[in-house]
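What follows is a short report on a single structure.
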């Protein structure tokens with residue numbers, strides 16, 4: 001029995017076409033919050049088949065469970081690349097087995113705490129300005 005490999009995602013339309021409704025909504029809401037909050041110099045690209053945001057360095061990633069190798073079975077993960085360097089005074093993020101990337105997993109759109117995410121994104125953006133710009 002052969003397993004069909006997951007297709008290479010090249011754009012958001014392809015990604016959205018593959019996602020179940022709830023994951024698509026979660027990804028869309030999280031992306032909108034991120035795009036509205038991060039400074040203009042920050043960019044989005046598809047990396048490892050998921051939306052990835054970066055400035056001078058990596059900032060955050062939105063990983064739906066449907067996309068393999070994300071380490072989650074259900075929902076959508078919002079991961080902060082340098083989560084270990086964020087204060088996260090509200091203890092919003094989960095500190096899993098990865099020493100650097102801290103995250104939150106959402107199962108439904110109602111679970112998204114926009115104020116908490118914006119606070120973390122602003123902190124991550126300030127941290128990003130301290131990194132030298134990569135060439």
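Here is the figure for segment 82-135: residues that are out of contact with any helix residue (DSSP H, G or I) (no Cβ under 7 Å at 6 or more places or on another chain), within 16 Å of residue 32 (Cβ to Cβ) and assigned to a loop (DSSP other than H, G, I, E, B) total 1.
Would you list the strands (runs of 3 or more DSSP E) that sit entirely within segment 1-79 and hold 3 or more residues that are touching a helix residue (DSSP H, G or I) at 6+ places or on another chain (Cβ under 7 Å)?
Output list reads 58-64.
Contact annotation: residue pairs with Cβ atoms under 6 Å, 6 or more positions apart or on different chains, pairing a residue in segment 9-23 that is without any contact (Cβ under 8 Å) to a residue 24 or more places away in the chain with a partner that is part of a helix (DSSP H, G or I), are 16/24. Report whether or not residue 112 is surrounded by fewer than 20 Cβ atoms within 10 Å (Cβ to Cβ), modelled with pLDDT of 95 or more, within 22 Å of residue 20 (Cβ to Cβ) and under 15 Å from the mean Cα position of the chain (by Cα). It is true that residue 112 is surrounded by fewer than 20 Cβ atoms within 10 Å (Cβ to Cβ), modelled with pLDDT of 95 or more, within 22 Å of residue 20 (Cβ to Cβ) and under 15 Å from the mean Cα position of the chain (by Cα).
Residue-by-condition table, conditions (1) modelled with pLDDT under 95; (2) buried (at least 20 other Cβ atoms within 10 Å of the Cβ); (3) farther than 20 Å from residue 128 by Cβ:
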| residue | (1), (2), (3) |
| --- | --- |
| 32 | no, no, no |
| 36 | no, no, no |
| 45 | no, no, no |
| 54 | no, no, no |
| 60 | no, yes, no |
| 76 | no, yes, yes |
| 79 | no, yes, no |
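The values are calculated or read from the model by the stated rules, or taken from the named source; none is laboratory data. These figures come from a predicted structure and were not determined experimentally. Virtual Cβ from ideal backbone geometry, glycine too; neighbours counted across all protein chains shown.
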